[in-house]
Amino acid sequence: MSELNPTIVTSAESANKRVELVTKAASAWINELVDLGGRNNLLYYRDLKQGTLALEPVSTQNEAVLKALLAGGKVLLSNLFGESARETAARRVRTINAKAVENFQERGLQTLHVAWGMATWNNTNSEATPAAPVLLRPINLKPKNSAGEDFEVELTEEWETNPSLLHMLKTE
């Protein structure tokens, strides 16, 4: 009984080969799923009139409130922006939040994030100039009233490196 059964060895080798083929096929499939072209907002970010909002000291009125948000606190949108910019910021946040809710409800995608840092590079494959957020952190926007005139803003979870950027760096 100390002899190795040749059919078991053959079956094990066959199973290993199958696992290897499935792994290769899954990797190829995943690579095809990630769009590395200009339509990928995580590689080709564009500042939109209504669909984006800059949260930087230059655009916000109160730098201390921005620091509190980045430290993990809940802040009001109205406290981030001065009175002159509050209405515009609230309108943008309503648009951003509506799109994020739609993406989650229809596609199961969590697309509402704060980005930190921007990577750019020369793209030899296209005329489009890449602009990829480096770090992403999910954000929660909670309307304070039914009109959405103000929002409670809170960063959730932890910072993560942009997965599309990592995938592009790995494959390109």
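The values are calculated or read from the model by the stated rules, or taken from the named source; none is laboratory data. Note that the structure is predicted; figures quoted are calculated from it, not measured. With ideal geometry, Cβ positions are generated from the backbone for all residues, glycine too; neighbour counts draw on all protein chains shown.
Taking the conditions (1) under 29 Å from residue 67 (Cα atoms); (2) touching a Pro at 6+ places or on another chain (Cβ under 9 Å); (3) modelled with pLDDT under 95 in turn, residue 136 satisfies each one other than (3). Checked against the criterion of being over 23 Å from residue 148 (Cα atoms) and part of a loop (DSSP other than H, G, I, E, B), the range 60-69 contains not a single residue that satisfies it.
Suppose we keep only residues that are in a loop (DSSP other than H, G, I, E, B) and surrounded by 11 or more Cβ atoms within 10 Å (Cβ to Cβ) within the range 125-139. Which one would you say is nearest to the chain's Cα centre (by Cα)? Among those that are in a loop (DSSP other than H, G, I, E, B) and surrounded by 11 or more Cβ atoms within 10 Å (Cβ to Cβ), it is 130.
Just one residue in the set 147, 90 is in a helix (DSSP H, G or I) and of a type outside the set (Lys, Arg); that residue is 90. Tally up the residues in the range 72-100 that are hydroxyl-bearing (Ser, Thr, Tyr) and either buried (at least 18 other Cβ atoms within 10 Å of the Cβ) or at positive phi (or both), please. Residues meeting the conditions: 1.
Working only within the range 85-111, note down all residues that are of a type in the set (Lys, Arg) and either under 19 Å from the mean Cα position of the chain (by Cα) or under 18 Å from residue 48 (Cβ atoms) (or both).
Passing the criteria: 91, 92, 94, 99, 107.
Scanning the range 54-64 for residues that are touching a Phe, Trp or Tyr at 6+ places or on another chain (Cβ under 9 Å) and surrounded by 17 or more Cβ atoms within 10 Å (Cβ to Cβ), we see that the one that is modelled with the lowest pLDDT is 60.
Please count how many residues of the range 47-89 are among the small types (Gly, Ala, Ser) and either touching a strand residue (DSSP E or B) at 6+ places or on another chain (Cβ under 7 Å) or over 16 Å from residue 154 (Cα atoms) (or both). First the steps, then the outcome.
Initially, the range 47-89 is screened for residues among the small types (Gly, Ala, Ser), giving 51, 54, 59, 64, 68, 71-73, 78, 82, 84-85, 89.
Okay, now just the ones that are also either touching a strand residue (DSSP E or B) at 6+ places or on another chain (Cβ under 7 Å) or over 16 Å from residue 154 (Cα atoms) (or both), so 51, 59, 68, 72, 82, 84-85.
Residues meeting the conditions: 7.
Please find, within the range 140-161, the residue that is surrounded by the most Cβ atoms within 10 Å (Cβ to Cβ) out of those that are within 17 Å of residue 100 (Cβ to Cβ) and of a type in the set (S, T, N, Q). Here the residue is 140. Screening the candidates 42, 76, 69, 80 for the property of being closer than 26 Å to residue 161 by Cβ and out of contact with any Ser or Thr (no Cβ under 6 Å at 6 or more places or on another chain) yields one hit, 69. In this structure, does residue 110 turn out to be farther than 15 Å from residue 142 by Cβ and in contact (Cβ under 8 Å) with a residue 24 or more places away in the chain? Yes.
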